[in-house]
Amino acid sequence: DHVCSLPKVPFRGAPCSDAAGSQVPYATIMKQVNSSLSGVLWDEVQKAPFYEYKDSAGQFHQVWFDDPHSISLKAAYVKSRGLRGIGMWNGNSLDYSREAVAEQQTQAMWQALTP
C-alpha cells in the first residue's frame, strides 16, 4: 500500500523529523532505483517520485526524492505565482562524476529549475 511509517524521534521540537531517516545522494538513488522492489513510483499529491526497497537485513525502506519532472513542476509553480525563487535541499547530492549518465542526470536536474 506504499505506506511507510517513521518512528517518532523528537528533533528540534518536531515529533517526527529527518532524525528518523537519512539523506541519500542522488547518485545512489539513481543507481538503487533500478534494482528496487517497486521501481519509480509517483505520488500525485506531493508531485514527487519515490521507491521502495529492502536492505540486506530484510528491513523495508522508502526513498522520496526529486527528479527533473518534480523539480520542473515546482519551478513552474513558483514562476506562475510570481514568487521570487525556489530552494533545493542540497545540490551537492547530485552526481558530478565524469560518467556520461551522471552528467546527463545532473544537467537535467539543473535545467529543470528554469521553466
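If the cut-off is a Cα-Cα distance under 12 Å, which aspartates and glutamates reach Lys31, setting aside same-chain residues fewer than 8 apart in sequence?
The reachable aspartates and glutamates, counting only those whose Cα sits under 12 Å from Lys31, are Asp95.
Assign unit charges at the C-beta atoms only (+1 for Lys and Arg, -1 for Asp and Glu), then state the dipole size of the stretch 18-113 relative to its Cα centre in Debye, rounded to the nearest 20. Provide the component values of the computation, followed by the final result.
On the way: 8 positive and 10 negative charges, 79 e Å.
Value, rounded to 20: 380 debye.
Just tell me which aspartates and glutamates come within less than 12 Å, Cα to Cα, of Lys79; anything on the same chain fewer than 8 places away is out.
Qualifying aspartates and glutamates at Cα under 12 Å: none.
Calculate the FRET efficiency for Trp64 and Gln111 from the Cβ-Cβ distance with a Förster distance of 25 Å, rounded to the nearest 0.05. Kindly include the intermediate steps, with their values, before the conclusion.
On the way: r = 22 Å, r/R0 = 0.86.
The formula returns an efficiency of 0.70 here.
Translational diffusion coefficient of the stretch 18-113 at 25 °C, 0.890 mPa s, Stokes-Einstein with Kirkwood Rh over Cα pairs, in µm²/s as a whole number. Before the final figure, lay out each step's value.
On the way: Rh = 14.6 Å.
Once the numbers are plugged in, D ends up at 168 µm²/s.
Using the Cα centre of the stretch 46-91 as the reference point, and only Cβ charges (+1 on K/R, -1 on D/E), how large is the resulting charge dipole? Debye, rounded to the nearest 20.
Values: 6 positive and 4 negative charges, 82 e Å.
With only Lys, Arg, Asp and Glu charged at Cβ, the dipole is about 400 debye.
Values quoted throughout were computed directly from the atomic coordinates according to the rules given, and no laboratory measurement underlies them. Bear in mind that the values here come from a model prediction, so they are computed numbers and not experimental data. As a convention, Cβ positions derive from the backbone with ideal geometry for all residues, glycine included, and neighbour counts pool all protein chains shown.
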